[in-house]
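The next block holds one structure in the form of structure tokens; read it before the comments.
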Amino acid sequence: MDEKLKNSIREILRQAGLPGIDPVLREIPFKGQIGLAFSNVFQLAREAYPDAPKKELKQHAEELSEQIAAKLTELGEFDKVEAVKGYVNCFFNPDSFARDITARILDGGTDWGRREMSGGKVMVEYSQPNTHKAFHIGHVRNVCTGAALVRCFRYSGRNTLAANYYGDIGSHVFKSLWHLEKFHPDLKDAPDEPKERGRWLGNVYAKAQVELDESKNLLDNVWDLLKPLYRILKNALYDQKLTFGLFSYSPDLLDIAKNEIDLFENTSTEHQIRCIDHLARHAPVLLDRAINSDVVPYENHNWEPARVLTKKLLDIIGSVDFHQILTRPLELIAIADRWNLRDPDLINLWEKTKKWSFDDFYRIYDELGAAFDKEFYESEVEEEGLHIVNELVQMDIVTESSGAKIVEIDQRLHEKFDFPLKDKYRVAVLVRADGASLYGAKDLALAKRKFEDFGIDESIYVVGNEQKFYFQQLFQMLRLMGFPQWEKCYHLSYELVMLPSGKISSRSGQVILYDDVMNELKGRALDVVREKNPSLDENAKLDVADSVAIGSLIYGMLRVDTNKKIEFDFDEVLDFNGRSAPYIQYACARASSIARKAASEGIVIPDRVADSDFHADLQPVEIDLVGMLGKFPDIVRKVADDKKPIHLATYAYDLAVAFSDFYHQCPVLTAEPGILRNRLLLVRAVRITLDAALGLLGIKAPDVM
RNA sequence: GCGCCAGUAGCUCAGGGGAUAGAGCAACGGCCUUCUAAGCCGUGGGUCGCAGGUUCAAUUCCUGCCUGGCGCGCCA
């Protein structure tokens, strides 16, 4: 319809010798009327009369709109064409519009308006959970967004591959494995119930994180004492060579003595820990040797500050399990080494616990309506990533900096493409100083694989907004690699889900788990069903409660624009009133209820639209309802174009509102025969369209509530 | 310091170069002998963060500023 009207307007403009501007059409915003308005007549007037003074322009616009309205009236395609305040309003005939739309809906079912697949393939990567970590409420936003987007793409005719990329390896996994081996040998205290294992693993990870943080803090505290002590000793001894003598009984200590402190702080964690462990425990001996040594230059040297520091050190060492806590990171390093050697015991533990995480993920995806065509794993692109990094070293793109392999992106862009040197993309580290490949290296490999193995034309990453900078770096690195599709990569970012207490973080254990939210939602939904519809049988009640609970969570995630934070407020999510899934689901249940009641009264429910339908005058609410129905395919298209599921979430609610209006104002079953048939057709069309809209969002609509 | 995102009713948020800026929640007042009251109707509540600019037209676009969040070399 849009295009047809636009063409008519273009033709009119051409015949009248007016400038060929692109007509902008808007819906007519008045209740009870349906049609399109040509809204940029002012722009036309300005182009037709470029020199007209400002105050005359309005008059020109009005004259032009009247001329165009007259021409459009002649076409006879509209009920009425009006020129008002510089707009040209073209009103559709509500009856034929209703007939047309309901016929399309009833013929097409929930696929009505769906487009044929055409054009290239797009891959949408979403979810990307880390194994061995808790699946929390923040992850849900990603899953809902990605899954809805994939469905809207497909509905709009885009050939779409849904992909997931599991973080099944990396430092978080090593931390978990370390803790599992150390404190849960043979996993014998793990829960038997599969549903509980994900949570248990999440706790293990959080605990490992806490313990490693404790080590880090201890290390920092001790080092803060050792640094001044070291300086005192060094200054007190007039000859550095003699310092070496003092330290020389330990190679580690000699090492620290030779190095300046700054250099030492840049050495590997492993080396630092060994030295500091050693040094701290030997500090009193060192101090003693220094004091009693004949190399001290001044007889009356003030050793008091050194004694105080040593005393503090001894306090720390004495009060905690010093060596054990300090050397935890060394155990972690040992885990990584064993991983690199593919130690069978470790691999076995990894496989087993990884599966527990996956069991959890699949259960949750199933509930949220997410499905994947291709699943990638970090563990499978690790080697390829390192390989690419080596190639990039040959290409002088990757350089070395304190042992790590990095890309100085701005510098390389400047050299390769002669871009002005800026400080925009900064530096990306691909391989850590200890040789471990980082996410950047793996992502380069993955990006290549996506385009080369799957023949896609566009690659979308649904990833949180906090990684925006990283994705800019990633795409620029692909560009530096000479990877032409770098421009076809798109980071679809979404804002955080915040808890009232702040940012969600599975590292600090500051999380609300998916299962906890869902259980609470289901419980509350069940209470409401019991209260509102006690006559329903128990299984049906449980089904309704599930649909409502899951729908509420999904809708709660999608009703807010992706670039806005969601403050996760339990009470708000659990409130089933207002702009929520249950409201929309309730509208569906009522539509079904009308159909049920009609059937029980022996009324035949039409399943096709006949030419004789919709010849009685429609009520304004009915016209508005039909107008809402007609918009559905365009809305889904808009979701796909803008990559914003919120448009559809809003639409589903608006359609439910329009139906509720209709429901209250237009009785169906008691209407006269001709009107009865029209309304039954409308109810059916609404139910189908609501099902379709909710289905794309991932929400189920029950027949009873 | 630099970059990205946000600022619209008391609260949570839609919308977006054009006609009178909309919902939900909360508050108040109505509607169940008629298809499910998880609903409907009504009332009150707005300098669309501030200041400039572009335009026939700016809450929407541009610039600057203010406030808040996130990010900025070895986590992902």
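The single residue among A:Ile675, A:Ile635 that is touching a Phe, Trp or Tyr at 6+ places or on another chain (Cβ under 6 Å) and in a helix (DSSP H, G or I) turns out to be A:Ile635. Selection of the stretch A:17-45 for residues being in a loop (DSSP other than H, G, I, E, B), surrounded by 13 or more Cβ atoms within 10 Å (Cβ to Cβ) and among the small types (Gly, Ala, Ser) yields A:Gly32, A:Ser39.
Counting only residues that are in contact with a helix residue (DSSP H, G or I) (Cβ under 9 Å, 6 or more places away or on another chain), within 30 Å of A:Asp337 (Cα to Cα) and near RNA strand B (Cβ under 9 Å from one of its atoms), the stretch A:408-431 holds 4 of them.
When A:Gly440 is tested against (1) assigned to a strand (DSSP E or B); (2) within 11 Å of RNA strand B (Cβ to nearest atom); (3) not basic (Lys, Arg), only condition (1) is not met.
Residues that are in contact (Cβ under 8 Å) with a residue 40 or more places away in the chain and under 14 Å from A:Asn164 (Cβ atoms) within the stretch A:356-368 comprise A:Ser357, A:Phe358, A:Asp360, A:Phe361, A:Ile364, A:Tyr365, A:Leu368, listed in sequence order.
Would you check if there is a residue in the stretch A:332-355 being surrounded by 15 or more Cβ atoms within 10 Å (Cβ to Cβ), more than 30 Å from A:His271 (Cα to Cα) and free of Cβ contacts under 8 Å to residues at least 24 places away in the same chain? Among the residues of the stretch A:332-355, not one is surrounded by 15 or more Cβ atoms within 10 Å (Cβ to Cβ), more than 30 Å from A:His271 (Cα to Cα) and free of Cβ contacts under 8 Å to residues at least 24 places away in the same chain, which makes the answer no. Restricting the stretch A:673-696 to residues that are of a type in the set (D, E, K, R) and closer than 14 Å to A:Phe614 by Cβ leaves a set whose member that is nearest to RNA strand B (Cβ to nearest atom) is A:Arg679. Is it the case that A:Asn539 is surrounded by fewer than 22 Cβ atoms within 10 Å (Cβ to Cβ) and part of a loop (DSSP other than H, G, I, E, B)? Judged against the criteria, A:Asn539 is not a match.
Taken together, A:Arg559, A:Arg608, A:Arg596 contain a single residue that is more than 9 Å from RNA strand B (Cβ to nearest atom) and either of a type in the set (D, E, K, R) or modelled with pLDDT under 90 (or both), which is A:Arg608. Scanning the stretch A:602-625 for residues that are assigned to a helix (DSSP H, G or I) and either over 15 Å from A:Leu682 (Cα atoms) or in contact with a Pro (Cβ under 7 Å, 6 or more places away or on another chain) (or both) yields one hit, A:Ile623.
Taken as a whole, the structure places A:Ala591 among residues that are more than 23 Å from A:Gln33 (Cβ to Cβ), surrounded by 22 or more Cβ atoms within 10 Å (Cβ to Cβ), within 10 Å of RNA strand B (Cβ to nearest atom) and of a type in the set (A, V, I, L, M).
Being assigned to a helix (DSSP H, G or I), among the small types (Gly, Ala, Ser) and within 16 Å of the chain's Cα centre (by Cα) is the filter here, so list the residues in the stretch A:101-140 that pass it. Once the filter is applied, which keeps residues that are assigned to a helix (DSSP H, G or I), among the small types (Gly, Ala, Ser) and within 16 Å of the chain's Cα centre (by Cα), the stretch A:101-140 yields only A:Gly138.
Filtering A:Val407, A:Val429, A:Val389 for residues that are modelled with pLDDT of 95 or more, surrounded by fewer than 19 Cβ atoms within 10 Å (Cβ to Cβ) and among the hydrophobic types (A, V, I, L, M, F, W, C) leaves a single hit, A:Val429.
Quick one: count up the residues across the stretch A:314-329 that are surrounded by 15 or more Cβ atoms within 10 Å (Cβ to Cβ) and under 25 Å from A:Ala436 (Cβ atoms). Residues in the stretch A:314-329 being surrounded by 15 or more Cβ atoms within 10 Å (Cβ to Cβ) and under 25 Å from A:Ala436 (Cβ atoms): 5 in total. Within the stretch A:57-91, being more than 9 Å from RNA strand B (Cβ to nearest atom), farther than 30 Å from A:Asp624 by Cα and surrounded by fewer than 16 Cβ atoms within 10 Å (Cβ to Cβ) holds for A:Gln59, A:Glu63.
Can you say whether A:Phe614 is aromatic (Phe, Trp, Tyr), farther than 20 Å from A:Met705 by Cβ and surrounded by fewer than 18 Cβ atoms within 10 Å (Cβ to Cβ), as far as the supplied structure shows? Answer is no for this residue.
The values are calculated or read from the model by the stated rules, or taken from the named source; none is laboratory data. What you are looking at is a predicted structure, and each value in this text was computed from that prediction instead of being measured. Using ideal geometry, Cβ is built from the backbone for each residue, glycine included, and neighbour counts are taken over all protein chains shown.
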